[in-house]
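All remarks here apply to the structure that follows.
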Amino acid sequence: MTDINRKRLARDIARDMDRRKTRRRLAALGLLLAAAIAAVMFLRCGSGLGLGSDGKETGKRIGSAITADPRPTRCAIRLARKELTVDGKRATRAEAIEACKLTSGAEVLITGDARQGDWDDLRAALEAANIPYLTHEPRGVTPPGSAGGNAGPSPTEH
């Protein structure tokens, strides 16, 4: 081995040892940083991973709770030629009005064979009882005031 090769070999060994030393320092620094983060999480968030609470809360919080309306949304009235149904059960006009007073309004389906006079009487009773109603006409029936041909069941708020 020549002198130049020995110097090159010594330089390569020194460079390799320096790289190992740098890797060890970075690994030690990384472990130290991870331990510091874990200590902060433990001290700040308590035991565990810091996700959620320990389950020992009393349930008393300051703020407003969301309250749901206890009444059903609307009663469903179906007006046909021979019968009037409220939520799927046969009823008289007076029973329908009483049932819909307990809700936030009425949803009325007027079938194609319903008499206009029956609908006029039911509408007058709903308005007299101050019950808001939503009407649906069957397919193919054009609601009054619209300029369409085949209108689907179009809800109309009253």
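The values are calculated or read from the model by the stated rules, or taken from the named source; none is laboratory data. Computed from a predicted model, the values in this text were never measured in an experiment. Reconstructed Cβ throughout: ideal geometry from the backbone, glycine too, with neighbour counts over all protein chains shown.
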Can you confirm whether region 107-118 contains a residue that is within 32 Å of the chain's Cα centre (by Cα), among the charged types (D, E, K, R) and modelled with pLDDT under 85? no
Test result for ALA27, over 30 Å from ASP121 (Cα atoms), hydrophobic (A, V, I, L, M, F, W, C), surrounded by 10 or more Cβ atoms within 10 Å (Cβ to Cβ) and at pLDDT 90 or above: yes
